1. On the given criteria, is Val37 under 15 Å from Ala61 (Cα atoms) and at pLDDT 95 or above?
2. Can you name every residue in the stretch 9-18 that is surrounded by 10 or more Cβ atoms within 10 Å (Cβ to Cβ) and either of a type in the set (Asp, Glu) or under 18 Å from Tyr67 (Cβ atoms) (or both)?
3. Considering the stretch 39-50 alone, what residues qualify as being loosely packed, with under 13 Cβ neighbours inside 10 Å and either among the polar types (S, T, N, Q) or farther than 17 Å from Glu77 by Cβ (or both)?
4. Can you find a residue that is touching a residue at least 40 places away in the same chain (Cβ under 8 Å), within 11 Å of the chain's Cα centre (by Cα) and closer than 12 Å to Arg65 by Cβ anywhere in the stretch 30-44?
5. Does the stretch 66-74 contain any residue that is among the polar types (S, T, N, Q), surrounded by fewer than 16 Cβ atoms within 10 Å (Cβ to Cβ) and outside any strand (DSSP E or B)?
Amino acid sequence: MYQSVNEPINVIMAFKETGAEPVMFKWGGRYYKVDRVNLVHTERKGRNKMYIYSVTDKANAFRLRFYTETLKWELEEMAIL
């Protein structure tokens with residue numbers, strides 16, 4: 001079951017021929033390595049386009065949100081697998 005987090009994070013991205021994807025992020029003083037990007041979609045709120053990445057590491061599932069207007073990242077939700 002997902003738990004709402006809504007906290008700022010720092011993200012390291014990889015830019016590939018097929019697009020950009022997160023490879024690691026820092027939250028709460030800890031680094032999380034992204035093992036798999038499961039889904040990417042976009043949402044719009046006014047002028048702001050947001051990219052939402054559903055990712056997993058070996059033990060958890062996360063939903064990361066990128067705000068194109070402010071160039072900031074947020075950990076939206078997480079679940080323990």
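The values are calculated or read from the model by the stated rules, or taken from the named source; none is laboratory data. What you are looking at is a predicted structure, and each value in this text was computed from that prediction instead of being measured. Please note: Cβ atoms are built from the backbone with ideal geometry, for glycine as well, and neighbour counts cover all protein chains shown.
1. So Val37 passes the test.
2. Of everything in the stretch 9-18, those that are surrounded by 10 or more Cβ atoms within 10 Å (Cβ to Cβ) and either of a type in the set (Asp, Glu) or under 18 Å from Tyr67 (Cβ atoms) (or both) turn out to be Ile9, Asn10, Val11, Ile12, Met13.
3. Thr42, Arg44, Lys45, Gly46, Arg47, Asn48
4. No, there is no match, as no residue in the stretch 30-44 is touching a residue at least 40 places away in the same chain (Cβ under 8 Å), within 11 Å of the chain's Cα centre (by Cα) and closer than 12 Å to Arg65 by Cβ.
5. yes
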